[in-house]
Amino acid sequence: MTADPPHLPPSDENLEKLVDALTERFPARREEVEAIVHRHFTELSSHAPVDAYLLQLTEGKAADELRARYPAHH
């Protein structure tokens, strides 16, 4: 039997940390980054349990979108 992945609450703290990290990486306003992160998180959480993997998926999708908007940054 395999253990279930660790489940995290859909904590505002976890999402805020993600928004902070992406805001530091890209020249976007915090409000823009926050909107992108919350949109991707909402879309993904309807298809997957809220866990660490979901936060990684959200970060990847948000970073991809920000890279497309700000190609000179990574």
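Read-outs throughout are calculated quantities, based only on the coordinates presented, and are distinct from any laboratory measurement. The structure presented is a predicted model; accordingly, all values stated were derived computationally and were not measured. All Cβ positions, glycine included, derive from the backbone under ideal geometry; neighbour counts span all protein chains shown.
When the chain is fully extended, how far beyond the present Cα-Cα distance does LYS17 get from ARG67, taking 0.36 nm per residue of separation?
16.1 nm
Figure the gain on full extension for GLU31 and SER45 (residue separation times 0.36 nm, minus the Cα-Cα span) and round it to one decimal in nm.
Length gained, GLU31 through SER45: 3.0 nm.
Sort 20-26, 34-40 by the packing proxy (mean of other Cβ within 10 Å over each peptide's residues), most packed first.
Result, highest mean Cβ count within 10 Å first: 34-40, 20-26.
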